[in-house]
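The values are calculated or read from the model by the stated rules, or taken from the named source; none is laboratory data. Nothing here was measured: the structure is a model prediction, and the numbers come from that model. Here the Cβ positions follow ideal geometry from the backbone for every residue, glycine too, while neighbour counts run over all protein chains shown. Just so you know, the surface numbers come from the protein's heavy atoms only, side chains and all, with ligands and any DNA or RNA stripped out. Shrake-Rupley method; radii C 1.70, N 1.55, O 1.52, S 1.80 Å.
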Amino acid sequence: MIQHETYLLDRCGLPGSHTLAVYQAHDGYKALEKVLKEGHSPEQVVDMVKASGLRGRGGAGFPTGLKWSFMPDPKKDPRERYLAVNADESEPGTCKDRVLMEKDPHGLVEGILIACYAMRVATAYVYVRGEYRLPYDRVAAALQEARQAGLVGKKILGTDFSCEIHMHKGAGAYICGEETGLMESLEGRRGHPRPKPPFPAGFGLWGQPTTVNNVETLQNVPFIINRGATWFKGMGPERSPGNILIGISGHVERPGVYEVPLGIAAREVVDDYAGGVWKGRQLKAWIPGGSSTGLMPGSMIGLAMDHESLKEAGSMLGTGAMIIFDDQSCTVRAMEVISRFYEHESCGQCSQCREGTEWLHQIFARIERGEGRMEDIDLLSSLAGGMAPGKTICALADAAAIPTHAIVRHFRDELEEHVRLGCCPLANPSKRTPHSKVEAGA
């Protein structure tokens, strides 16, 4: 296995890695001190993050420094401004932010403080998925330690910079991972996404300028400040630099969260990091970045794990949550589960999403039960085409439509075999066609 430089997870294996003492013993808060005491202006910090090429690690991959620069000039717009930290992490298959919050919470706190300084923000909110009890407690404890050490609150490190950070528990709603749904929930309302424009940088929390960043995104910031933009750009491809945390699950020998450079081949992650497909079986299908990125055939496992490569292949990097399916898996069953999830999590505002997710689930369930019709396959594509892209307030309809298009495009043979046999062929192997394309993972 090729050895790649790591930094995000380096502290996570240390005893007591979640404590302030261990964090400070390993360069903790040195980046914040550098920014505050060496005369770096907020604009200079934004420019450094821009120069690094850091892209958001929450799914969309938007350039972080550019996003920060959207905050209005305080001389022209003196309104109070906020940072909202998206720690909701509800995309199925995703678990990398949980590791960072549990094992290295001070890294998140330092990243938040630097981001707030760069955007002249005095108040930040950390919105944590309701089921993440230990991660919530670890970040809350880290905040308390930092506050007692003069690292959070008034006149941080004896400077004029003041910043308060608050914690907020979600209630297990996938839709609150969408930035405007998250803000609605923080304000005490139902997590219904807002139409855009207006965008959060101009009208966010309580109508004030707001930036929303993901946990892993912010965790990268102290390293960029300490080691420089050139160092960061030296890892990964030019348009997607740096390392990323890949959470790999499913049918592999060593599921877990691994730190790899962007641009690494998906095959290398499966074989070298996760120990290969389990039980000596063959790879049939894989999901690159969480359920919304869709099933890909095993033959495409050589793709690079970066934004551009996966987009060109008709998928997305998403949250870097790889899900692996062996040759005894049923892709139709997988889509029945995925479509059921999106039906359940739709907030119901948009008819395309409210009705479309329900119909998709009903059709996938019908096919999996052996009651499907051949025309159902094209109907799935037609429904998905009416839901996305960009036809609803938020991207949940897209998240249901993308994997629907993917299974029809890559695994149509398996859908047709379910219909032709009147049952799931993997549950009834005696009815299968010998040497079928489905069995070969075509």
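On the stretch given as the range 17-52, residues that are open to solvent by 30 Å² or more (accessible area, probe 1.4 Å) and not in a helix (DSSP H, G or I) total 8.
If I ask for residues that are of a type in the set (Gly, Ala, Ser) and open to solvent by 60 Å² or more (accessible area, probe 1.4 Å), which ones from the range 370-394 would you list? Break it down into steps so the answer makes sense when it comes.
Step one: list which residues in the range 370-394 are of a type in the set (Gly, Ala, Ser), which gives 370, 372, 381-382, 384-386, 388, 390.
Within the range 370-394, Ser382, Gly390 meet the criteria.
Counting the residues of the range 172-184 that are small (Gly, Ala, Ser) and open to solvent by less than 20 Å² (accessible area, probe 1.4 Å) gives 1.
Scanning the range 331-340 for residues that are hydrophobic (A, V, I, L, M, F, W, C) and either surrounded by fewer than 20 Cβ atoms within 10 Å (Cβ to Cβ) or at positive phi (or both) yields one hit, Val337. The residue of the range 300-315 that is farthest from Arg369 (Cα to Cα), among those that are in contact with a helix residue (DSSP H, G or I) (Cβ under 7 Å, 6 or more places away or on another chain) and crowded, with 20+ Cβ neighbours inside 10 Å, is Met305. Every listed requirement among (1) outside any loop (DSSP other than H, G, I, E, B); (2) among the small types (Gly, Ala, Ser); (3) crowded, with 21+ Cβ neighbours inside 10 Å is met by Gly289 save one, (1).
Identify, please: which residue in the range 54-93 is among the small types (Gly, Ala, Ser) and open to solvent by 40 Å² or more (accessible area, probe 1.4 Å) and is, among those, modelled with the lowest pLDDT?
The selected residue is Ala60.
Identify, please: which residue in the range 232-258 is assigned to a strand (DSSP E or B) and either in contact with a His (Cβ under 6 Å, 6 or more places away or on another chain) or open to solvent by less than 10 Å² (accessible area, probe 1.4 Å) (or both) and is, among those, farthest from Gln219 (Cα to Cα)?
Taking the range 232-258 and keeping what is assigned to a strand (DSSP E or B), we get 243-250, 252, 256-258.
Next cut, either in contact with a His (Cβ under 6 Å, 6 or more places away or on another chain) or open to solvent by less than 10 Å² (accessible area, probe 1.4 Å) (or both) only: 243-248, 252.
On the way: Asn243: 11, Ile244: 11, Leu245: 11, Ile246: 15, Gly247: 16, Ile248: 20, Val252: 28 Å.
Looking at the filtered set, the residue picked out is Val252.
For the range 373-386, the criterion of being closer than 20 Å to Pro195 by Cα and either in contact (Cβ under 8 Å) with a residue 12 or more places away in the chain or not aromatic (Phe, Trp, Tyr) (or both) is met by at least one residue. Among the criteria (1) open to solvent by 20 Å² or more (accessible area, probe 1.4 Å); (2) in contact with a Ser or Thr (Cβ under 8 Å, 6 or more places away or on another chain), the one Arg98 does not fulfil is (2).
Remark: pairs (first residue in the range 338-367, under 16 Å from Cys394 (Cβ atoms); second residue surrounded by 21 or more Cβ atoms within 10 Å (Cβ to Cβ) and of a type in the set (Phe, Trp, Tyr); Cβ separation under 6 Å; 6+ apart in sequence or on different chains) = Glu345/Tyr174; Thr357/Tyr342.
All conditions but one from (1) surrounded by fewer than 19 Cβ atoms within 10 Å (Cβ to Cβ); (2) more than 20 Å from Gly386 (Cβ to Cβ) apply to Gly348; the one that does not is (2).
Against the test of being farther than 21 Å from Cys95 by Cβ, open to solvent by less than 40 Å² (accessible area, probe 1.4 Å), among the aliphatic types (A, V, I, L, M) and without any contact (Cβ under 8 Å) to a residue 60 or more places away in the chain, the options Ala265, Ala201, Ala229, Ala274 yield a single qualifying residue, Ala265.
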